[in-house]
Amino acid sequence: MRSVEETKRSLTVAPFECAWAEELRFGEPGRGCIAFEASAQNDVTLVFRHLLGSQHYHYKTDTSRHYTVILGSHRNKRLKIEVDGITAVDVTAVGLCCSSSFQSYWISIYDGCISIGQGKHPSNNLLFQWLDPDPNPHVQYVGLSSWDKHVGYRNISLLPSAPPNSIFWTQIEYANVHWVADAGDYVRKQLSRDDCHQRVLADFLENWDFSDAVFVVGTERKVVPAHKLVLCASGDFPFEMGDEATIVLPSASYPVLHSLLEYIYTGSTQIAEWLLTSVLELSSQFKVEPLVKCCKEIIDCLEVDKKLSDSGKILIKFPKSGLQDHRFDSSPLKAPLNVQKVGEFLANGEHSDINIYVNGHGLVSKGHKLILSLWSAPLAKMFTNGMRESSATDIFFGDVPPEPFFLLLQFMYYGKLKLDTRDTTSVLVQLLLLADQFAITVLQFECCKRIMECLSEDTVCSVLQAVSSISSCKPLEEVCKRNFAMHFDYCTTACTDFVLLDEAPFKDILEHGDMTVTSEERVLDVILTWCMGACETFHWTSVDELLRSSTPEQLFGERLSGINTLLPLVRFPLMQLSILKRMERSTLANDIQAFRQLVAEAIEFSHAGQLMLTSYECERFQHRRSSYKELQYISDGDNNGVIYYAGTSFGKHQWMNPVLTKNITVVASSPNSRHTDPKALVSKNYQGTCFAGPCIENGKKLSWWMVDIGQDYQLMCNYYTVRQDGSTTFMRSWALQGSMDGRNWTSLRVHDDDPTICHPGQFASWPIVGPAALLPFRFFRVALTGPAAGCAWNLCICFLELYGYFR
């Protein structure tokens, strides 16, 4: 089963061809992101243009405006960006492609800013970013292309793009300088203070802020400030626990000490060639091993080539490799600092200068002002503004949840999240709010990324409520609104947290192009419930009943104005005329003018029929693009279910066995055989013997028949039918389950010791009720959870049909 799914999700593009699809289209022209996996020897090529291309389209012959991104050009040695066929970017990027396995990539375009990265999540591992001076605002379709070798693509998904200055695309370089590769040489580029709002470790080089150690160097006894935490995380410095520490270096010169400290605080230094041996001796004394290694390597090179440096100065830099020059490290605690040691200082409180308290929970940790200031600009200001907090050794935080707050501290010290799986989403949301409060941009991004990974229909509402107040989290907010819109019925039935949303995001959901509902009455019910701020969902008839004994002002309160804004988003013309007539006579129509006018308009539309369709061009008169088709259960063995519908290729021809036409896939828990035949289960013919045998799954014995309705289809199942084969092995304890991936299952209806089936060949049907009936799935299975009659573990059914809302 897994291999079938993998095949459907994969695409191989032949040399000099290009694959296009209507689905490979940005939601907004000029703005979008594509995430994908690719396997190729070279030239993973993506084309972005205004209109769809053809299979034999090639970007070299395209005369229209377009962008082309080539990963692994020139035999997998370079990264290229072409604009209208002309090379705009051509940089070294060795080994981007891999033919032995699939690699994950993402490409984002936002108003001409093209960002390219590796990994499954946008903005993770940014490789390169380039801004087109003359942006093409019309690019919308994405073509998957190749050069002279086949390229395999899979797991392709289109996502909303984010502005380059949002947290999804902002990458922070925490150094006073960074190095740009240019023709094999390193060129130093100064960053202005406006480019980096947060303090960086280089700012504290020989700085008295938070200094708790000093060096007294040379015969002139020059005093140089330093920080115990930084020094002890880089080497072995002789500090004992205490308030002060002084290291006297009478035989060392200040330039040598400065080079040592500069290397520790910035990761690089420049030293006169004749002082190199002194730097080696001092770094060896304090066991700064990376600097010792660099010095020894340079000295060895100088012995071979006496003219290694024309200027007489040597650049010593912590080594980087591969594409790291194009990536931006997110942590201010960089090598040569040992981050593990820094984390140990949080655990044991060594060299701490503040006690951190959370109101109501006492002392949370012993901390270091330097570390907190590196990550958080607000905390840095608090520690250096000259007010009482600057000199205080105890700081108190009120109204912060202790567990997420300690995770925040751990992130500051380790540079990564140390989070277990218990109640992950709720903790991440609280942590995201704290990261926003303390302006820790990198942590905001990490929280958003992880929330997206574990986002579900059960958590989307609470996440949306939190992130809608954070302006920098717009991409996550858009993902939440789309998820909510696609699972509208479930999200508004499982709980009523949606009434806590502000009007703006709630309205965006109702207007979303992917809005999926089973009926427009449901949309009306949800809007009225939101306007009431109720703790349970009210049907419009119940609201109408309440209005008979109260006024709209009393019932809807401050949200009364929202009625006029939100009611036009209900597509009244799609409702049945009989329902519209009831609405016309209702108290809602008498008391609320907007409701009355919209109902009257819908009735007029119903009477006008097809003759006046051109007069009704607004979205209220159009079917929702993503609405489900209702497949309603009528009777046992009818032709109304999704399996029968698949046998007609979803309404295109006369019925044929859908397994034979490969419209669906049927799999049993035991190997196929004469009496375990997938096509027999959906053949509509009575079978004397048809069963699925037992298997062991997660340590439990199970027998099951599973149906995969296809990657492009989903069903919200609200009824199902089975038929017993000719045996008397009647099932008694079983469950109907649904899944989106074929691995993680949700029980839609559970039967414990159910005696319904008691005759060979008997049909039996059951409804699915509650929130489970509103959740769409691709995979369904009937799973025997206990022995059947006669203590056998064979699941003996010869027919299965599913009903509900199909898309």
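This table checks each residue for (1) more than 36 Å from the chain's Cα centre (by Cα); (2) of a type in the set (A, V, I, L, M); (3) in the same structural domain as ALA680 (by the TED database).
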residue: THR728; (1), (2), (3): yes, no, yes
residue: ALA735; (1), (2), (3): no, yes, yes
residue: ASP741; (1), (2), (3): no, no, yes
residue: ILE768; (1), (2), (3): no, yes, yes
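Looking at segment 84-110, which of its residues are touching a Leu at 6+ places or on another chain (Cβ under 9 Å) and modelled with pLDDT of 85 or more?
Those that are touching a Leu at 6+ places or on another chain (Cβ under 9 Å) and modelled with pLDDT of 85 or more: VAL89, ASP90, VAL91, LEU96, CYS97, GLN103, TYR105, TRP106, ILE107, SER108.
Which residue pairs have Cβ atoms closer than 6 Å, lie 6 or more positions apart in sequence or on different chains, and pair a first residue in segment 472-490 that is part of a helix (DSSP H, G or I) with a second residue that is acidic (Asp, Glu)?
LYS481/ASP508; ARG482/ASP514; ALA485/ASP514; MET486/ASP514; TYR490/GLU457
Take CYS461 and tell me if it is closer than 23 Å to TYR490 by Cβ and open to solvent by 40 Å² or more (accessible area, probe 1.4 Å).
For CYS461, the condition - closer than 23 Å to TYR490 by Cβ and open to solvent by 40 Å² or more (accessible area, probe 1.4 Å) - is not met.
Yes or no: SER104 within 16 Å of THR68 (Cα to Cα) and outside any loop (DSSP other than H, G, I, E, B)?
When the stated conditions are applied, SER104 does not pass them.
Let me confirm something: among SER278, SER259, SER284, which residue is out of contact with any Asp or Glu (no Cβ under 7 Å at 6 or more places or on another chain), at pLDDT 90 or above, of a type in the set (Ser, Thr, Tyr) and surrounded by fewer than 19 Cβ atoms within 10 Å (Cβ to Cβ)?
The match here is SER284.
Would you say LEU702 is among the aliphatic types (A, V, I, L, M) and within 17 Å of GLY786 (Cβ to Cβ)?
The answer is yes for LEU702.
Restricting attention to strands (runs of 3 or more DSSP E) lying wholly within segment 634-748, give those where 2 or more residues are touching a Ser or Thr at 6+ places or on another chain (Cβ under 7 Å).
Counting at least 2 such residues, we get 700-708, 715-724, 734-739.
Results for (1) under 25 Å from GLU22 (Cβ atoms); (2) hydroxyl-bearing (Ser, Thr, Tyr); (3) modelled with pLDDT of 95 or more; (4) in a helix (DSSP H, G or I), shown as yes or no for each residue.
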{"position": "ALA38", "(1), (2), (3), (4)": "yes, no, no, no"}
{"position": "GLN41", "(1), (2), (3), (4)": "no, no, no, no"}
{"position": "LEU52", "(1), (2), (3), (4)": "yes, no, no, no"}
{"position": "GLN55", "(1), (2), (3), (4)": "yes, no, no, no"}
{"position": "LYS60", "(1), (2), (3), (4)": "yes, no, no, yes"}
{"position": "THR63", "(1), (2), (3), (4)": "yes, yes, no, no"}
{"position": "HIS74", "(1), (2), (3), (4)": "no, no, no, yes"}
{"position": "LEU79", "(1), (2), (3), (4)": "no, no, no, no"}
{"position": "GLU82", "(1), (2), (3), (4)": "yes, no, no, no"}
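Is there any pair with a first residue in segment 137-163 that is more than 12 Å from THR68 (Cα to Cα) and a second that is hydroxyl-bearing (Ser, Thr, Tyr) and surrounded by fewer than 16 Cβ atoms within 10 Å (Cβ to Cβ) whose Cβ atoms are under 7 Å apart and which are 6 or more apart or on different chains, and what are they?
Once the first residue is more than 12 Å from THR68 (Cα to Cα) and sits in segment 137-163, its partners that are hydroxyl-bearing (Ser, Thr, Tyr) and surrounded by fewer than 16 Cβ atoms within 10 Å (Cβ to Cβ) give HIS150/THR12; GLY152/SER10; GLY152/THR12; ARG154/SER10.
Give the residues of segment 328-354 that are of a type outside the set (Phe, Trp, Tyr), surrounded by 17 or more Cβ atoms within 10 Å (Cβ to Cβ) and more than 30 Å from GLY117 (Cβ to Cβ), sorted by residue number.
Passing the criteria: LEU346, HIS351, SER352, ASP353, ILE354.
Yes or no, residue by residue, for (1) touching a strand residue (DSSP E or B) at 6+ places or on another chain (Cβ under 7 Å); (2) within 14 Å of TRP147 (Cβ to Cβ); (3) open to solvent by less than 40 Å² (accessible area, probe 1.4 Å):
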site: CYS18; (1), (2), (3): yes, yes, yes
site: ALA21; (1), (2), (3): no, no, yes
site: SER39; (1), (2), (3): yes, no, yes
site: GLY72; (1), (2), (3): yes, yes, yes
site: ASP84; (1), (2), (3): yes, no, no
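For segment 529-602, which helices (runs of 4 or more DSSP H) that fit wholly inside it have 2 or more residues that are closer than 21 Å to PHE498 by Cβ?
540-547, 552-556, 560-566
Restricting to segment 548-562, name every residue that is small (Gly, Ala, Ser) and either open to solvent by less than 60 Å² (accessible area, probe 1.4 Å) or closer than 25 Å to ARG624 by Cβ (or both).
Selection gives SER550, GLY557, GLY562.
Taking PHE730, is it farther than 30 Å from MET515 by Cβ and out of contact with any Leu (no Cβ under 9 Å at 6 or more places or on another chain)?
Considered against the rule, which asks whether it is farther than 30 Å from MET515 by Cβ and out of contact with any Leu (no Cβ under 9 Å at 6 or more places or on another chain), PHE730 comes out as yes.
Is at least one residue of segment 435-450 open to solvent by 30 Å² or more (accessible area, probe 1.4 Å), in a helix (DSSP H, G or I) and either over 24 Å from LEU419 (Cα atoms) or among the hydrophobic types (A, V, I, L, M, F, W, C) (or both)?
Looking through segment 435-450, none of the residues is open to solvent by 30 Å² or more (accessible area, probe 1.4 Å), in a helix (DSSP H, G or I) and either over 24 Å from LEU419 (Cα atoms) or among the hydrophobic types (A, V, I, L, M, F, W, C) (or both).
Condition test on VAL91, is it open to solvent by less than 60 Å² (accessible area, probe 1.4 Å), β-branched (Val, Ile, Thr), touching a residue at least 60 places away in the same chain (Cβ under 8 Å) and over 28 Å from ASP712 (Cα atoms)?
yes
Return the only residue of VAL400, VAL364, VAL429 being in the same structural domain as HIS351 (by the TED database), assigned to a loop (DSSP other than H, G, I, E, B) and in contact (Cβ under 8 Å) with a residue 24 or more places away in the chain.
Being in the same structural domain as HIS351 (by the TED database), assigned to a loop (DSSP other than H, G, I, E, B) and in contact (Cβ under 8 Å) with a residue 24 or more places away in the chain holds for just one of VAL400, VAL364, VAL429, which is VAL400.
Can you name the number of the only condition in (1) within 30 Å of LYS293 (Cβ to Cβ); (2) loosely packed, with under 15 Cβ neighbours inside 10 Å; (3) not small (Gly, Ala, Ser) that ASP399 fails?
Going through the list (1) within 30 Å of LYS293 (Cβ to Cβ); (2) loosely packed, with under 15 Cβ neighbours inside 10 Å; (3) not small (Gly, Ala, Ser), ASP399 breaks only (1).
In this structure, is LEU337 at pLDDT 70 or above, part of a helix (DSSP H, G or I) and farther than 30 Å from LEU79 by Cβ?
It is false that LEU337 is at pLDDT 70 or above, part of a helix (DSSP H, G or I) and farther than 30 Å from LEU79 by Cβ.
To keep it simple, each residue is scored yes or no on (1) surrounded by fewer than 21 Cβ atoms within 10 Å (Cβ to Cβ); (2) under 19 Å from TYR628 (Cβ atoms).
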| residue | (1), (2) |
| --- | --- |
| THR518 | yes, yes |
| LEU524 | no, yes |
| LEU528 | no, no |
| GLY533 | yes, no |
| GLU536 | yes, no |
| LEU546 | yes, no |
| ASN564 | yes, no |
| LEU567 | no, no |
| LYS581 | yes, no |
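Sort out which residues of segment 761-791 are open to solvent by less than 30 Å² (accessible area, probe 1.4 Å), aliphatic (A, V, I, L, M) and assigned to a loop (DSSP other than H, G, I, E, B), and write them in order of number.
If the condition is that a residue be open to solvent by less than 30 Å² (accessible area, probe 1.4 Å), aliphatic (A, V, I, L, M) and assigned to a loop (DSSP other than H, G, I, E, B), then ILE768, LEU775, ALA788 are the ones that fit.
Conditions tested, residue by residue: (1) closer than 22 Å to ALA792 by Cβ; (2) open to solvent by less than 40 Å² (accessible area, probe 1.4 Å).
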| residue | (1), (2) |
| --- | --- |
| TRP734 | yes, yes |
| MET740 | no, no |
| ARG743 | no, no |
| LEU748 | no, yes |
| HIS751 | yes, yes |
| PRO755 | yes, no |
| HIS759 | yes, no |
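Just to verify a result, which residue in segment 26-36, among those that are outside any strand (DSSP E or B) and of a type in the set (Gly, Ala, Ser), is modelled with the lowest pLDDT?
Among residues in segment 26-36 that are outside any strand (DSSP E or B) and of a type in the set (Gly, Ala, Ser), the one modelled with the lowest pLDDT is GLY27.
The values are calculated or read from the model by the stated rules, or taken from the named source; none is laboratory data. Worth saying up front: this structure is predicted, and the values here are computed from it rather than measured. As a convention, Cβ positions derive from the backbone with ideal geometry for all residues, glycine included, and neighbour counts pool all protein chains shown. Remember, those area values only see protein heavy atoms, side chains included, never the ligands or the DNA or RNA. Shrake-Rupley method; radii C 1.70, N 1.55, O 1.52, S 1.80 Å.
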